[in-house]
Amino acid sequence: MTDWSQLNHAYGTAQDIPGLLDSMSPDPKDACWDRLWSCLCHQGSVFTASYAALPALAGAARRWSLTERRLPLYLAGAIVAGIDRPDDSEHPLLSHPAEIAELHRLTEEALQDPGLNGDPLNYIQLLGTLLSFEGVEVWGEQIDGLNGEEYELPCPACETENYVVFGEHGYFSTIDSMYMNHPPAKRFPLRPQDPSVMKGLAGRLHNRILADGHPDLAHKLTYVFGTAQCAECGTPFDVAEAVVARWGA
C-alpha cells in the first residue's frame, strides 16, 4: 500500500491524490484532470507522488476504450518524460518498469485507433507518448513541434533566436516572430533530409508515420531532421541537434 502522506506533489503532501485518481473519468472536461496535471506534472516538474500515480493511470488506460485512454496515457507520458525530477529519485523506467511496459503496450494499441486517420494532432501526441515510454529523451515531448509547424531555436553560432517554420506558412528560418501575418523580409529556405538516408530515430519515425497513413507529417519530419540557416548570421545548423540542445537535460 502506498503511504501518500509521505509523498509530495507540486503543492505539498499528496494525501489528496488517491481521491483524484479514484475520480478519474474519460471526460476530458472533468475537473480532476486539470488538478492531476497541476499537482503531478507542474510545468514539466514531477514529484514523488507523480511516479506513485503511474499504476492508477495504467489501470484507467487498461479499462477504457482506445480513444478514452488517451487522457491517462498523456499524463503518464509527461510524468515519465519529466527531467525536473525529485532529488535522488531513480528514473521511472528503472523504478516502475512493469507499469511503463504496460503503458507502452496500451499506447501502441491506442495508435491503432481508426479515428486517428483524420486526427494528426492526437496521432503525434500518442507517438510522442510512446517515445517517452521507450526512454527516448527530448523527442517524447518535442515531436509535438510537428503539430505546431515550428521550433524556436537559438543559432549555435550567434545565439540569435530563429523560427524554424515547416508547414502552412512555408519552409524557412526567420527571426521575424510575426511571420504568420506577413512574408518576412529576411528568410532562408530549409533543407530537408532525404528520406532514403534517414537513419536511427529519424528513419524509424519516418517509416512509422508513413506506415500509419500520415504522409504529410512524414514530409514535415524531413525538415525537422534537416538543416536550417540562421536568418541573422547565415550559419547553417542541424535542426534536430538544436532541438536536443535546447530541451535536453
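Any idea which of L201, L205 is open to solvent by less than 30 Å² (accessible area, probe 1.4 Å) and under 30 Å from Q112 (Cα atoms)? Answer to the selection: L205. One residue stands out among those in region 112-140 that are modelled with pLDDT of 95 or more and among the acidic types (D, E): the one that is least open to solvent (accessible area, probe 1.4 Å), which is D113. For region 1-15, the criterion of being touching a strand residue (DSSP E or B) at 6+ places or on another chain (Cβ under 8 Å) and closer than 17 Å to A58 by Cβ is met by none of the residues.
The residues of region 208-239 that are under 16 Å from Q142 (Cβ atoms), crowded, with 20+ Cβ neighbours inside 10 Å and within 21 Å of the chain's Cα centre (by Cα), listed by number, are I209, L217, K220, L221, Y223, V224, F225, G226, V239.
The single condition among (1) over 14 Å from the mean Cα position of the chain (by Cα); (2) open to solvent by 10 Å² or more (accessible area, probe 1.4 Å); (3) among the polar types (S, T, N, Q) that N147 does not meet is (1). So, in region 79-95, exactly how many residues are open to solvent by less than 60 Å² (accessible area, probe 1.4 Å) and either within 24 Å of R208 (Cα to Cα) or assigned to a helix (DSSP H, G or I) (or both)? Residues meeting the conditions: 6. Taken as a whole, the structure leaves A98 outside the set of residues that are open to solvent by less than 40 Å² (accessible area, probe 1.4 Å), at pLDDT 95 or above and farther than 24 Å from E241 by Cβ. Can you pull out every residue in region 1-18 that is open to solvent by 50 Å² or more (accessible area, probe 1.4 Å) and either touching a residue at least 60 places away in the same chain (Cβ under 8 Å) or not in a helix (DSSP H, G or I) (or both)? Of everything in region 1-18, those that are open to solvent by 50 Å² or more (accessible area, probe 1.4 Å) and either touching a residue at least 60 places away in the same chain (Cβ under 8 Å) or not in a helix (DSSP H, G or I) (or both) turn out to be M1, T2, D3, N8, Y11, T13, Q15, D16. Report yes if P154 is more than 21 Å from A245 (Cβ to Cβ), open to solvent by less than 80 Å² (accessible area, probe 1.4 Å) and touching a strand residue (DSSP E or B) at 6+ places or on another chain (Cβ under 7 Å), otherwise no. Criteria not met by P154. The set of residues in region 19-36 that are aromatic (F, W, Y) and surrounded by fewer than 16 Cβ atoms within 10 Å (Cβ to Cβ) is empty. Would you check if A76 is open to solvent by less than 60 Å² (accessible area, probe 1.4 Å), in contact with an Asp or Glu (Cβ under 9 Å, 6 or more places away or on another chain) and either at pLDDT below 95 or not hydroxyl-bearing (S, T, Y) (or both)? So A76 fits the description; yes. Highlighted here are the helices (runs of 4 or more DSSP H) found entirely within region 187-249 that include at least 2 residues which are in contact (Cβ under 8 Å) with a residue 40 or more places away in the chain and under 16 Å from V165 (Cα atoms): 215-224, 239-247. Checking each residue in region 54-73 for being surrounded by fewer than 20 Cβ atoms within 10 Å (Cβ to Cβ), touching a helix residue (DSSP H, G or I) at 6+ places or on another chain (Cβ under 9 Å) and assigned to a helix (DSSP H, G or I) picks out P55, G59, R62. Checking each residue in region 180-198 for being closer than 15 Å to A228 by Cβ, modelled with pLDDT under 95 and either surrounded by fewer than 16 Cβ atoms within 10 Å (Cβ to Cβ) or in contact with a His (Cβ under 6 Å, 6 or more places away or on another chain) (or both) picks out only K186. Condition check for S177 on (1) among the hydroxyl-bearing types (S, T, Y); (2) open to solvent by 40 Å² or more (accessible area, probe 1.4 Å); (3) assigned to a strand (DSSP E or B); (4) farther than 13 Å from H219 by Cα: one failure, at (3). Within region 141-156, the set of residues being under 12 Å from A231 (Cβ atoms) and part of a loop (DSSP other than H, G, I, E, B) comprises just one member, C155.
The values are calculated or read from the model by the stated rules, or taken from the named source; none is laboratory data. Because the structure is predicted, anything quoted here is derived from the model rather than measured. Reconstructed Cβ throughout: ideal geometry from the backbone, glycine too, with neighbour counts over all protein chains shown. The accessibility values were calculated without ligands, DNA or RNA, using every heavy atom of the protein model including side chains. Shrake-Rupley method; radii C 1.70, N 1.55, O 1.52, S 1.80 Å.
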